[in-house]
Amino acid sequence: MSIQNNLQSIQALLPKKVTLVAVSKTKPVSDLMEAYEAGQRIFGENKIQEMTEKWEAMPKDIQWHMIGHVQTNKVKYMAPYVNLIHGVDSLKLLQEINKQAQKNNRIIDCLLQVYIAEEESKFGLDEKEVNEILEYVQNHNNEMNHIRIVGLMGMATFTNNPAQVEKEFSRLKTIFDSYSNLNTNNCQLSTLSMGMSGDYTLAIKCGSTMVRIGSSIFGGR
Ligand SMILES: *Cc1c(COP(=O)(O)O)cnc(C)c1O
């Protein structure tokens, strides 16, 4: 199967309201260009240096999503061009994104990463921390005016038990829905980023609006 065929068969399974992020980490620019030629314009990367090299090398109508864990001292390298940061997991990081966005005269869209898995290894916030960050951002409207919180992101436990994964996705959807009335300048949660190659159909069933798919498009890593 070619990258183009893979993309087409995945797109055919996605409802219209679900956005596909093509996760291209570790893959060469030639593979990304194949996806680009097939019409894909949103790419997800998890390392800032690699993403920046690809951004420099590729057409400028691509939207670059940072899907990995972000270190505060690296934000400055992607602030000039990044379109969406999925993995915001602290207020400190959000403040740095705001600062670097301001330097670049931009507003950067962010998702708060929520911890939903039962595994110990995943990054993310618990419900209380999500709430605290949203409160802070709203109460500091004038200072936090170079970021926008546009949704939530989560990763389910890596397991082949679909009931477990469904339970975790459903929990995230419930948290997401609890903010559906939030509508301020910098907090409007409309994007729910959940689902990868192994679990995206389940994620969509549970209410995902954005799936991050790598190996099913580009092959194994
Ligand atoms: C690598 C990665 C993906 C894509 O994983 P696949 O199983 O290859 O689809 C999605 N989300 C995050 C955060 C990732 O790091």
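The values are calculated or read from the model by the stated rules, or taken from the named source; none is laboratory data. The model shown is predicted, which means the values in this text are computed figures rather than measured ones. Neighbour counts are summed over all protein chains in view; Cβ atoms, including those assigned to glycine, are modelled from backbone coordinates with ideal geometry.
Which one is nearest to residue 110 (Cα to Cα), of the residues in the range 189-207 that are in a loop (DSSP other than H, G, I, E, B) and more than 12 Å from the ligand (Cβ to nearest atom)? Outline the logic, then answer.
Step one: list which residues in the range 189-207 are in a loop (DSSP other than H, G, I, E, B), which gives 194-199, 206-207.
Subset that is more than 12 Å from the ligand (Cβ to nearest atom): 206-207.
Working: 206: 21, 207: 19 Å.
This residue is 207.
Just for the range 82-94: of the residues that are surrounded by 15 or more Cβ atoms within 10 Å (Cβ to Cβ) and away from the ligand (no atom under 16 Å from the Cβ), which one is nearest to residue 104 (Cα to Cα)?
Only one residue fits best here, namely 94.
Taking the conditions exactly as written (within 8 Å of the ligand (Cβ to nearest atom) and either at pLDDT below 95 or closer than 23 Å to residue 134 by Cα (or both)), does residue 212 satisfy them or not?
Values: within 8 Å of the ligand (Cβ to nearest atom): yes; either at pLDDT below 95 or closer than 23 Å to residue 134 by Cα (or both): no.
In short, no.
Return a yes/no flag: does the range 121-129 have any residue that is modelled with pLDDT of 95 or more, farther than 25 Å from residue 29 by Cβ and surrounded by 16 or more Cβ atoms within 10 Å (Cβ to Cβ).
yes
From the list 97, 85, which residue is assigned to a helix (DSSP H, G or I) and out of contact with any Gly (no Cβ under 9 Å at 6 or more places or on another chain)?
Values: 85 fails: assigned to a helix (DSSP H, G or I).
Answer to the selection: 97.
List pairs: first residue in the range 197-221 and at positive phi, second residue more than 12 Å from the ligand (Cβ to nearest atom) and in a strand (DSSP E or B) anywhere in the structure, Cβ distance under 8 angstrom, at least six positions apart or on different chains.
As it stands, the answer is 207/192, since those pairs meet every condition given.
As an exercise: evaluate residue 113 against (1) crowded, with 16+ Cβ neighbours inside 10 Å; (2) touching a Lys or Arg at 6+ places or on another chain (Cβ under 7 Å); (3) under 19 Å from residue 191 (Cα atoms) and give the number of the one condition it does not meet.
So the condition that residue 113 fails would be (2).
If residue 8 passes every condition in (1) in a loop (DSSP other than H, G, I, E, B); (2) without any contact (Cβ under 8 Å) to a residue 60 or more places away in the chain but one, which one does it miss?
(1)
Could you say whether any residue in the range 138-153 is in a helix (DSSP H, G or I) and surrounded by fewer than 19 Cβ atoms within 10 Å (Cβ to Cβ)? Don't jump to the end; show me each part of the working.
Going through the range 138-153, the residues in a helix (DSSP H, G or I) turn out to be 138-139.
This time we only want the ones that are surrounded by fewer than 19 Cβ atoms within 10 Å (Cβ to Cβ), so: 138-139.
The answer is yes; a qualifying residue exists.
Where residues in the range 21-65 are assigned to a loop (DSSP other than H, G, I, E, B) and among the β-branched types (Val, Ile, Thr), which of them is surrounded by the fewest Cβ atoms within 10 Å (Cβ to Cβ)? First the steps, then the outcome.
Here is the first cut: in the range 21-65, the ones assigned to a loop (DSSP other than H, G, I, E, B) are 24-28, 38-41, 46-47, 58-62.
Still in the running and among the β-branched types (Val, Ile, Thr): 26, 62.
Details: 26: 14, 62: 19.
Residue satisfying both the conditions and the ranking: 26.
Here is a yes/no grid of residues against (1) of a type outside the set (Gly, Ala, Ser); (2) closer than 24 Å to residue 195 by Cβ:
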position: 79; (1), (2): no, no
position: 84; (1), (2): yes, yes
position: 87; (1), (2): no, yes
position: 91; (1), (2): yes, no
position: 107; (1), (2): yes, no
position: 119; (1), (2): yes, yes
position: 126; (1), (2): yes, yes
position: 137; (1), (2): yes, no
position: 143; (1), (2): yes, no
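For the range 72-81, check the following and say yes or no: at least one residue is within 16 Å of the ligand (Cβ to nearest atom) and in a loop (DSSP other than H, G, I, E, B).
There is no residue in the range 72-81 that is within 16 Å of the ligand (Cβ to nearest atom) and in a loop (DSSP other than H, G, I, E, B).
Within the bounds of the range 113-120, is there any residue that is more than 14 Å from the ligand (Cβ to nearest atom), assigned to a loop (DSSP other than H, G, I, E, B) and at pLDDT below 95? I'd like the intermediate steps shown before the answer.
In the first step, residues of the range 113-120 are kept if they are more than 14 Å from the ligand (Cβ to nearest atom); the result is 118, 120.
Filter once more, so that each one left must be assigned to a loop (DSSP other than H, G, I, E, B): 118, 120.
After this cut, where a residue has to be at pLDDT below 95 as well, the list is 118, 120.
Yes, the range 113-120 contains at least one residue that is more than 14 Å from the ligand (Cβ to nearest atom), assigned to a loop (DSSP other than H, G, I, E, B) and at pLDDT below 95.
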